[in-house]
Ligand code: 6R9
């Protein structure tokens, strides 16, 4: 990778010029207007002490901090010597503020069951779970692994860990036995919280059976706490397994949250990374809490009565920060939906929105593109008028998908915010505040408070407007990862060792004259065609703008003449056929002959991670006619690879 990014510039080939002003009604009510953003953003960089003191001061601390930041590159300590508890701030504090009877969570199961929890109820539930963990011998600093469906107990277990100072490590319920075992072992967890089974498209997912198999491979594990979700029969191992309902049912609902040091570890979350061993990204208490609170409030222009739905599973960082912690820290009402977006059909999301009168929807481009592929009929059958704001996260959102989301889901009434961030950054880093500035489809836009991004060459030179380079962050921020769990050297090298004195995000990006940043894809995925460096996002965005194409992934294939040539993998819109000549002509017209695909492969699906990101690494191997190498276990459906290998090349 290092060779590839030496002094790299990424060519800017996508000339997206649409600018969408915030709807007047939304802008009029927005809490932060343009001038306010500009003033506070400047303050956050020029006088971070005052800025962060003011934000953190809105939360409850049992002991005040003595210093906002202690920065010993690459190690940061935020709110030094302060003591707090994030679960206290998410629950007890809301009850104290009079939100005890307000709904904290509305949960909908895949089977249609609905459970709601007020803040007071959630506080009691979390207190019981916290007492249970303590009774099971979990102590401050111990790691607890969670392997659960998206059910309320997942959030309750996270908050219970946070309450007693145990470090949660949530492993997505779709992960395999070996992935789970590796993560338990890496964290040296003694306790695993799982469920008998979860549901996915009506079928039970055997979580307990996987957990049993993983336990055989993970010697640190001593106790398993099992939530009954699906009611399927599972063996319980004497002396190791405990039913959640029994243990938590008997526990007291009174619990005092432990005062924890601001830098006390809050969670470890493993990112698959594109290669190699999963990295345990470590986040700590105070800084993460402050950033989750601030970004939730400002990026989503949150109002007291908002019903907020982040569709992410708690197995991903988005689920940590915006399904659980962010909304609760702000006292909002958050929705959790357990199942698949297409169960029983592609109208499910829209039915959830109609039923719970959701005001803010936060989802991923991969979901938006699959809805688009099904046409407008499904959303048009539902009343989506409660929506006032839409958000996107996880991948670059292609301008066409952005426009569809805005028009069909948002009725042109809702601003769309594109939010760029990472597991490592903890919370949103780039997004254009919805009531303050116009949006540019495909561009995440402006930095959040306290975030100082730049676009650099490999040797650290700052690039000019519209020049594509490496996205970096020039100073520490409160919710940044503190280290890679158990491997500080990897932390230094990966994030602070690529370019001196800046955080290296691994993404390519460019900044326009208005300061809007457009993320062009992972740096490892950049193509080099006849000396032109092409970001994957731009060619893919043009491809999906073609009426016959639903999704696209572009990779390079070694080419004697050009260095690399473009290979495009595309999935057709439902009921359409992809004509290679028309697609080539379209690319030539929109970008130029340079980006014209040498090969086009039409398939029913693309290889994606379980969080919906396209894995171009495998596509490069297929394009080059090589055997598939590397770990395919993080793929949602590994059989896609065989179908792509067998597909005709057009
Ligand atoms: C929050 C999350 C991080 C990577 C990141 C980038 C891509 C996420 C994006 C985006 C363009 C956006 N990414 N949001 N790219 N625009 N709005 O997704 O975390 O799973 O760690 O992934 O996802 O490549 O570096 P994570």
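Readers should treat all values here as calculations from the given coordinates under stated rules, not as data from a laboratory. Keep in mind it's a predicted model, so treat the numbers as computed, not measured. Here the Cβ positions follow ideal geometry from the backbone for every residue, glycine too, while neighbour counts run over all protein chains shown.
Considering only the chain, what is the antiparallel percent among its DSSP beta bridges, to the nearest 5? Walk me through the numbers before you get to the answer.
Details: 59 of 100 bridges.
Taking every DSSP beta bridge with both residues in the chain, the antiparallel ones total about 60 percent.
Along the Cα→Cβ direction, 7 angstrom out, place labels at residue 114 and residue 237. What is the inter-label distance in nm?
4.1
So if I take the centroid of the Cα atoms in region 54-85 and the same for region 123-195, what is the distance between those two points in Å?
Answer, in whole Å: 26.
For the chain, calculate the relative contact order in percent as a whole number, restricting contacts to Cα pairs under 8 Å that are 6 or more residues apart.
Working: 1455 pairs, mean separation 92.4, N = 650.
Once divided by the residue count of the chain, the mean separation gives 14 percent.
Report the calculated FRET efficiency for residue 355 and residue 304 (r = Cβ-Cβ distance, R0 = 25 Å), to the nearest 0.05. List each step's numbers first, then the result.
On the way: r = 21 Å, r/R0 = 0.85.
After rounding to 0.05, the efficiency reads 0.75.
By counting other Cβ atoms within 10 Å of each Cβ, how are 272, 220 ranked from fewest to most?
Ascending number of Cβ neighbours within 10 Å: 220, 272.
So for region 530-646, Kirkwood radius off the Cα pairs, Stokes-Einstein at 25 °C and 0.890 mPa s: how many µm² s⁻¹? It would help to have the intermediate numbers written out before the result.
Numbers: Rh = 14.5 Å.
Diffusion coefficient, whole number: 169 µm²/s.
Using the C-alpha atoms of region 206-265, what convex hull volume per residue, in cubic angstrom, is computed? Can you show the working numbers first?
Details: hull volume 8.8 nm³, N = 60.
So the per-residue Cα hull volume is 146 Å³.
Using 14 Å as the cut-off for backbone N distance, which residues of region 515-543 belong to the label zone defined by a point 7 Å from the Cα of residue 593 along Cα→Cβ?
The answer is 530.
Can you show me the helix-derived [θ] at 222 nm for the chain, built from DSSP H runs with n ≥ 4 at -39,500 (n - 2.57) apiece and divided by the number of residues, rounded to the nearest 500.
On the way: 19 runs with 175 residues, N = 650.
When only DSSP H runs of four or more count, the value is -7500 deg cm²/dmol.
Using only Cα atoms and rounding to the nearest 10 degrees, what angle (0 to 90) does helix 207-217 make with the longest principal axis of the chain?
It works out to around 90 degrees.
With a 10 Å radius around each residue's Cβ, average the other Cβ atoms per peptide and rank 177-190, 567-580, highest first. Could the numbers behind the result be given before it?
Values: 177-190: 21.1, 567-580: 18.2.
Those peptides, ordered most packed to least, come out 177-190, 567-580.
Simple spin-label model, 7 Å along Cα-to-Cβ: residue 216 to residue 40 in nm?
Result: 5.4 nm between the two label points.
For the Cα atoms of the chain, what angle does the longest principal axis make with the long axis of helix 177-187, in degrees from 0 to 90, nearest 10?
Computed tilt is about 60 degrees.
Per the Kirkwood definition applied to all pairs of different Cα atoms, how many angstroms is the hydrodynamic radius of the chain?
On the way: mean 1/r = 0.0398 Å⁻¹.
Evaluated over the chain, this radius sits at 25.1 Å.
Would you mind checking the tilt of helix 536-545 against the longest principal axis of the Cα atoms of the chain, expressed as 0 to 90 degrees and rounded to 10?
Long axis of 536-545 versus the principal axis of the chain: about 80 degrees.
Give the separation of the Cα centroids, region 535-590 to region 225-242, in Å.
Centre-to-centre (Cα) distance: 49 Å.
Give me 541, 291 sorted ascending by neighbouring Cβ count inside 10 Å, so fewest comes first.
Values: 541 27, 291 32.
In order of increasing Cβ crowding within 10 Å: 541, 291.
Evaluate the distance, in nm, between pseudo-label points positioned 7 Å from the Cα of residue 407 and of residue 31 along their respective Cα→Cβ axes.
Simple spin-label model gives 3.3 nm for this pair.
If the chain between residue 559 and residue 24 were fully stretched, how many nm would it gain, using 0.36 nm times the residue separation less the Cα-Cα distance? The partial results should precede the final answer.
Working: separation 535, 0.36 × 535 = 192.60 nm, distance 5.12 nm.
Difference between extended and current length: 187.5 nm.
Return an integer: the convex hull volume of the alpha-carbon atoms of region 362-441, in Å³ per residue.
Numbers: hull volume 7.2 nm³, N = 80.
Normalising the Cα hull of region 362-441 by residue number yields 90 Å³.
Roughly how many Å is it from the Cα centre of region 607-626 to that of region 330-359, as a whole number?
After rounding, the separation between the Cα centres reads 30 Å.
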